[in-house]
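Reading through the structure tokens given below for one structure.
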Amino acid sequence: MRILLVEDDIKIASFITKGLKEAGFVVDHVADGEAGLDLASSESYDAAIIDIMLPKLDGLSLIDQIRSGGNKMPVLILSAKQSVEDRVKGLQTGSDDYLTKPFAFSELLARIHALIRRGSNLSDTSLLEIADLKVNLLTHEVTRGNEKIDLQPREYVLLVYLLRNKGKIVSKTMIMENVWDYNFDPQTNVVEARVCRLRDKIDRAFDKKLIHTIRGVGYAIKE
């Protein structure tokens, strides 16, 4: 799932981006309202996190223009303004939730999952599963059957990406762009190597194989 982050405080933005990527999200970060509006208008996102005090175009004006354009993606306001009046104004502008700074990342993550769940009518976006394989996005616990599986950070993000697209074929290019966050390099075998390691941990000890290679096309996780 893809998140738009509009935050001009570099330290806060880096903290949020790192945490969301570790939780399996792809994050596009910009530091001003105009850049945020450009991305919101041209790209598709599952949710947006928007600060109020932004250069060029403030957060409330940004949300108002996003809504005026017919975009209904869930929006979480992140702000140092803590008064009831400020929260009410933010919600009336068109945001779906309001979180004040300072904040705990665990709460931010839980709120993002809740917004996406409500927006997409999903029962629980914090749990991904297929067959007897389960991934808890809040605790990062991965289990298959009764066995806990330990994954390296990039293996975890790759598994989450495959599960978010379960039953679908994802190409090497798609994986490079959504798991490694950089453009496709036809000379690298990093995807093949990481899929091989992930398959070794997820499938090798089990009769039912879940990760499949579709020759000449890509990979799919399916029963």
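The values are calculated or read from the model by the stated rules, or taken from the named source; none is laboratory data. Computed from a prediction, not measured in an experiment: that's the story for all the values here. Neighbour counts are summed over all protein chains in view; Cβ atoms, including those assigned to glycine, are modelled from backbone coordinates with ideal geometry. SASA here: full protein model, heavy atoms, side chains in, ligands and nucleic acids out. Shrake-Rupley method; radii C 1.70, N 1.55, O 1.52, S 1.80 Å.
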| query | Of 138, 75, 19, which is farthest along the charge dipole of the chain in the positive direction, counting Lys and Arg as +1 and Asp and Glu as -1 at C-beta? | reply | 138
| said: Charges at C-beta only: +1 for Lys and Arg, -1 for Asp and Glu. How large is the resulting dipole of the stretch 36-157 about its Cα centre, in Debye rounded to 20? | reply: 240
| task | Could you calculate the contour length gain from residue 168 to residue 188, that is, 0.36 nm times the residue separation minus the distance between their Cα atoms, to one decimal place in nm? | result | 4.9 nm
| request: Starting from the Cα-Cα distance between residue 200 and residue 81, subtract it from 0.36 nm times their residue separation and give me the gain in nm to one decimal. | output: 38.0 nm
| said: Classify the chain from the C-alpha gyration tensor, please: rounded if a/c falls under 1.5, else prolate or oblate depending on whether a/b exceeds b/c. | reply: prolate
| query | Carbon and sulfur together cover what percent of the accessible area of the chain at a 1.4 Å probe radius? | reply | 48
| remark: Classified through the alpha carbon gyration tensor (a ≥ b ≥ c as square roots of its eigenvalues; rounded if a/c is under 1.5, else prolate when a/b is larger than b/c, else oblate), the stretch 146-215 comes out prolate
| the stretch 60-146: C-alpha gyration tensor shape, a/c 1.5 cut-off, then a/b vs b/c | oblate
| query | If you place +1 on the Cβ of every Lys and Arg, -1 on the Cβ of every Asp and Glu, and leave all else neutral, what size is the dipole of the stretch 1-76 about its Cα centre, to the nearest 20 Debye? | reply | 240
| field | Solvent-accessible heavy-atom area per residue, rounded to whole Å², over the stretch 1-149 at 1.4 Å | value | 48
| said: Please give the charge dipole size of the chain, origin at the Cα centre, charges +1 on K and R Cβ atoms and -1 on D and E Cβ atoms. Round to the nearest 20 debye. | reply: 840
| By how many nm would the segment from residue 130 to residue 44 grow when fully extended, if each residue of separation counts as 0.36 nm and the alpha-carbon distance is taken off? | 28.4 nm
| task | Give, as a single signed number, the net charge of other residues whose beta carbon lies under 9 Å from the beta carbon of residue 80, with Lys and Arg counted +1 and Asp and Glu -1. | result | +1
| note | Counting Lys and Arg as +1 and Asp and Glu as -1 over every other residue whose Cβ sits under 13 Å from the Cβ of residue 38, the net charge comes to -3
| Residues with amide H under 5 Å from that of residue 54, placed H, sequence gap 5 or more | 59
| query | Which loop trypsin sites (Lys or Arg not before Pro) in the stretch 23-107, with loop taken from DSSP, have no more than 13 other Cβ atoms within 10 angstrom of their Cβ? | reply | 72
| remark: Rounded to the nearest 500, the 222 nm mean residue ellipticity computed for the chain from DSSP H runs (n ≥ 4, each -39500 (n - 2.57)) alone is -12000 deg cm²/dmol
| In percent, how large is the relative contact order of the chain, given Cα pairs closer than 8 Å and 6 or more residues apart? | 15
| note | Over 26 Å (Cα to Cα) among 21/148; 18/172; 72/134; 168/209; 18/134 -> 72/134
| Along the charge dipole of the chain, Cβ charges K/R +1 and D/E -1, which of 55, 90, 40 sits furthest on the positive end? | 40
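Pop the C-beta distance of residue 117 and residue 222 into the FRET formula with R0 = 22 Å and round what comes out to the nearest 0.05. Intermediate results must be reported in sequence, preceding the final value.
Numbers: r = 23 Å, r/R0 = 1.06.
Once rounded, the FRET efficiency stands at 0.40.
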